[in-house]
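All of the numbers you see were taken from the coordinates with simple rules; none came from a lab. Bear in mind that the values here come from a model prediction, so they are computed numbers and not experimental data. All Cβ positions, glycine included, derive from the backbone under ideal geometry; neighbour counts span all protein chains shown.
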Amino acid sequence: MKTAPTIMVVEDERVVAKDLEVTLRRLGYEVCLTASTGEAAVELVESSQPDLVLMDVRLRGGMDGVEAARLIQFRHDLPVVYLTAFADEVTLRRSLETQPYGYLVKPFREKELHATIETALSKSRLERLLRESEERYRALSEAIPQMVWTARKDGAMEYFNQRWQDYTGLNLAASEGDGWQQVVHPHDLPELARSWRGALETGIDFELECRLKRSLDDRYFWHVLRGHPLPDHRAEMKWCGTFTDIEFEKQSKEALHRSAALKCALMDASPEAILTLDLEGRVLEVNPAAEKLFGWSRSQVIGKPLGGSLLPPEGIERQRQVFAGLLDNDHRQASPRRAEMTLLRADGGHETVEMSVTPVQSVRPPFFTAYLRPVDEKRVPPLQAHPRALAWTGPHPAVLLICAGCRRTLDASGRWQPAGAEQLALDGLKGDQGFCPQCAAKLWDEMPAT
C-alpha cells in the first residue's frame with residue numbers, strides 16, 4: 001500500500017505552523033515533525049528523514065532558514081521548499097543559491113501550496129532515479145574490461161573510468177576536453193582527429209584503431225576506439241564509447257600473415273611437388289612444382305578429394321585403399337608414410353609418383369603434407385629390395401635418399417642415419433633429396449593450412 005509523503009514544517013510562528021500542519025494533512029500528507037529554529041530542524045531531520053521540508057526563511061536564533069536548508073541538503077539531499085513573507089531581492093538571491101525545489105510567498109493559497117509540493121516531490125523522485133541510473137552506469141563502466149568515456153555534443157571529453165586513469169596515468173582533470181589526446185601515438189592522432197570531427201558532424205557511430213601510451217612503461221599498444229551518439233534528457237547529443245585493447249589480436253594477425261607468407265614462399269621455392277591435405281584427403285593447397293608436374297591449375301584441384309576425381313579409373317579401388325592407408329587415423333605419428341600412387345594429369349595421361357605423407361598436428365585443425373616424386377620406369381628396384389644396400393657391404397644402391405635439411409640418409413630398415421663423407425662420394429651413387437620427418441615437422445610447425 002502506498003504511504004503518504006512525509007513533510008517536516010520549520011516555522012517559528014506557532015499559529016502559522018499549526019495551520020500549515022492542518023492544511024497538509026487535509027491535502028493527504030503526513031507531518032512528521034515541526035521545528036521552530038534552524039538548529040532544531042538540522043538536528044531533527046536526521047531521525048525523521050522526511051520526504052520534503054517546508055522551510056521558513058526568517059527564523060529566530062543564530063541560523064536562518066537558508067543556512068539550515070543548505071546544511072540539510074548537503075547532509076541528506078532532501079528537497080526544500082521555502083516559505084517567506086519577504087520577497088526582496090537579497091532574500092530571493094540567497095535562497096536561490098541553495099537550489100530550492102520551490103519558493104512560496106506568504107500568504108499563499110492552498111492550491112498553490114499543493115501544486116508546489118507535488119512539483120517538488122516529483123522533481124526529487126526524478127533526480128533520485130537519475131542519480132541511481134548514473135551510479136549504475138558508473139558501476140558498470142568500472143566493471144567492464146574496456147576503458148569507458150563520455151563526451152559532450154562539441155566532442156569535449158567529460159568522463160573517463162578508472163581503468164583509463166590506471167592505464168594512461170591521466171586523472172580526470174588532465175583527460176577532460178582534448179587532454180586525453182596526449183597519450184595517442186603522434187602518427188595516429190591526425191586520422192583520429194579527422195574521424196572524430198566527422199562523427200560529430202554526422203552524428204553516427206564511428207570506429208577507429210589507434211595506439212595509446214601505457215604509463216607503466218611508456219610503450220604504445222593498439223586499441224580500437226568506438227563511439228556512439230545518444231541524446232540526453234535535455235535533448236542534446238552526447239557521446240559515449242570505449243577503448244578496447246587489441247594488441248594481442250594485432251600481433252597474432254601479423255604473425256599469421258608472416259607464417260602464411262613463409263609457407264607460401266617455401267612451397268613456391270621447392271623443386272618438389274607438394275600438396276597439403278585435410279584429414280579427409282581433400283586438397284588444401286598445391287605448389288607450382290605440382291602444377292607443372294601434373295598440368296593442373298590450382299583452382300582445378302583445391303577442395304577436391306585426392307582419392308577421388310584425381311585417380312585414374314584403372315585400379316581405382318586399390319589406389320583408394322593405398323591412399324586411405326596413408327591417412328589412416330590410427331597411425332598418425334610424426335613419421336611419414338610412403339606409397340606409390342598413380343594420379344591423373346591434366347592432359348588425361350597418368351603420372352606414377354612416390355607419395356610421402358607426413359601429418360602436421362601442431363596446429364588446429366591438423367593437416368597432412370604430401371611430397372610427390374615421379375617414379376622413373378627404368379629405376380632400379382626400390383631400396384627395400386636391397387636390405388644391406390646401405391650397410392655398404394654389398395653392391396652399391398643406384399639411389400640414395402638424402403634429407404635436404406640434416407643430410408642424413410635413409411637406410412634399408414627405414415631409419416634415417418648420419419652418412420659419412422666416404423659413403424656420399426661413392427662412384428655411381430645417384431642421390432635424391434627430400435626431407436626427413438624431423439626436418440619436415442620443423443619446416444611446417446605452426447604454419448596453418450590456407
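The length gained on full extension between residue 110 and residue 85, counted as 0.36 nm times the residue separation minus their Cα-Cα distance, comes to 7.4 nm. Each of the peptides 97-104, 199-206 was scored by the mean count of other Cβ atoms within 10 Å over its residues; in descending order, highest first, they stand as 97-104, 199-206. Shape class of segment 6-136 from the Cα gyration tensor (axes a ≥ b ≥ c, square roots of the eigenvalues): rounded, since a/c falls below 1.5. Global size of segment 107-163: 18.5, 58 Å for Rg and Dmax (C-alpha atoms, Rg to one decimal, Dmax whole). Using a cutoff of 8 angstrom between alpha carbon atoms and counting only pairs six or more residues apart, the relative contact order for segment 183-282 works out to 17 percent. Within straight-line reach of residue 213, meaning a Cα separation under 15 Å, sit the following aspartates and glutamates at least 8 residues removed in sequence or on another chain: 166, 188, 245, 247. With the charge dipole of segment 1-76 set up from +1 on Lys and Arg Cβ and -1 on Asp and Glu Cβ about the Cα centre, the Cα lying farthest toward the positive end among the listed residues 68, 57, 24 is that of 24.
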